[in-house]
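To keep things clear, I will list the structure first and then write my remarks on it.
The values are calculated or read from the model by the stated rules, or taken from the named source; none is laboratory data. Remember, it's a predicted structure, so these values are computed and weren't measured experimentally. All Cβ positions, glycine included, derive from the backbone under ideal geometry; neighbour counts span all protein chains shown. We work out accessible area using only protein heavy atoms, side chains counted, and drop any ligands, DNA or RNA first. Shrake-Rupley method; radii C 1.70, N 1.55, O 1.52, S 1.80 Å.
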Amino acid sequence: MFQRWSKAITHVSKIGSLSNLKFVNDVCSGTRHSYAKVAAAAAPTIEDKGLTREPVVNLDKMFWSKPCSLALARDSPLRVEEPNYEGIKRFILRLMMFYSKQSKSIRGANVVYRRIVSQVDKPPIYEVFNLEKTFKTTFSLLVLHMWLCLRRLKQEGKEGVEFGQYLYEIYNHDVELRVSKAGVNLLLTKWMKDLEKIFYGNIVAYDTAMLPEAKQGDLSNVIWKNIFSDDGTSTPDAAALHSVQAMARYARLQASCMSLTDIEAIVSGNFMFTSLKQENKSAKGSQ
């Protein structure tokens with residue numbers, strides 16, 4: 001799995017012009033059928049029927065703020081610090097490679113993934129963007145936030161890609177548990193392979209839509225196809241347009257903020273994505 005992720009990163013890094021957008025579109029359309037099958041088999045029902053699809057905030061006023069670091073303050077109660085044992089206990093743990101670079105990276109990757117899950121599994125993201133909470137939407141949002149983290153890690157070169165491998169393994173294990181929990185126990189390997197193809201296709205599509213030469217609406221169109229659309233259409237419909245455009249601004253803002261976030265805060269998991277609760281309150285107040 002580590003090798004597959006490294007190959008995918010290498011492949012993504014080679015995409016450098018708008019001529020590759022056709023390839024991305026082919027990947028997305030090619031995986032859409034698999035996506036529909038996986039979503040239908042895994043969990044076609046809404047998990048939280050209390051969520052509304054009606055706009056509850058002024059989406060046009062959201063996610064226009066200036067990018068800033070997402071690192072948690074030193075005195076934040078949300079910080080996760082490395083355990084600092086002393087004496088014989090530290091000696092034994094050192095012998096057990098507890099303080100090795102690999103062990104620290106795995107612990108950090110677990111914290112990073114918990115930050116992703118915290119943003120994706122809670123109601124605000126569905127309320128703000130008017131999404132129903134289904135297996136499909138949750139999986140799509142997990143992939144979006146994984147892309148944001150992997151994109152930032154890739155900026156650190158080889159070490160960032162290596163950390164991304166640990167993060168991907170944790171993500172992959174979590175998705176397998178989610179699929180199994182949703183009731184897919186037969187042919188689980190097949191579903192996971194389909195979801196893996198979707199993951200790689202989405203990553204390539206998001207990266208390409210962020211290239212300097214990409215068109216203004218490319219990211220919105222990719223987000224529409226990957227997260228909102230149920231029929232594989234390439235552009236947002238009128239009903240979802242404001243939500244899709246708001247999520248595109250959200251993704252761009254998070255990407256910019258993560259680029260401004262110190263790598264130590266990233267790999268230790270001591271950062272938080274933009275609070276959607278706060279954005280929700282601000283948008284309501286501006287109406």
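The table for this structure:
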quantity: Residue match in segment 140-154 (condition: within 24 Å of S268 (Cα to Cα), of a type in the set (D, E, K, R) and either in a loop (DSSP other than H, G, I, E, B) or open to solvent by 50 Å² or more (accessible area, probe 1.4 Å) (or both)); calculated: yes
quantity: Residue within segment 132-139 that is part of a helix (DSSP H, G or I), surrounded by 16 or more Cβ atoms within 10 Å (Cβ to Cβ), in contact (Cβ under 8 Å) with a residue 24 or more places away in the chain and within 11 Å of the chain's Cα centre (by Cα) present; calculated: yes
quantity: From K104, K89, residue being within 21 Å of S268 (Cα to Cα) and either among the basic types (K, R) or modelled with pLDDT of 90 or more (or both); calculated: K104
quantity: Scope segment 65-110; condition among the basic types (K, R), in a helix (DSSP H, G or I) and open to solvent by 100 Å² or more (accessible area, probe 1.4 Å); matching residues; calculated: K89, R94, K101
quantity: Every pair of residues 6+ apart whose Cβ atoms lie under 6 Å, when the first sits in segment 246-266 and is under 20 Å from P124 (Cα atoms) while the second is assigned to a helix (DSSP H, G or I) and among the polar types (S, T, N, Q); calculated: A248/S220
quantity: Residues (polar (S, T, N, Q) and open to solvent by less than 30 Å² (accessible area, probe 1.4 Å)) located in segment 225-239; calculated: N226, S229
quantity: Unmet requirement for D231, which otherwise passes all of (1) over 14 Å from the mean Cα position of the chain (by Cα); (2) at pLDDT 95 or above; (3) acidic (D, E); calculated: (2)
quantity: Residues located in segment 176-206, provided they are assigned to a helix (DSSP H, G or I), free of Cβ contacts under 8 Å to residues at least 24 places away in the same chain and open to solvent by 60 Å² or more (accessible area, probe 1.4 Å); calculated: E176, L177, K181, T189, K190, K193
quantity: Subset of segment 240-274 (residues that are open to solvent by 10 Å² or more (accessible area, probe 1.4 Å) and assigned to a loop (DSSP other than H, G, I, E, B)); calculated: A240, L260, D262, M272, F273, T274
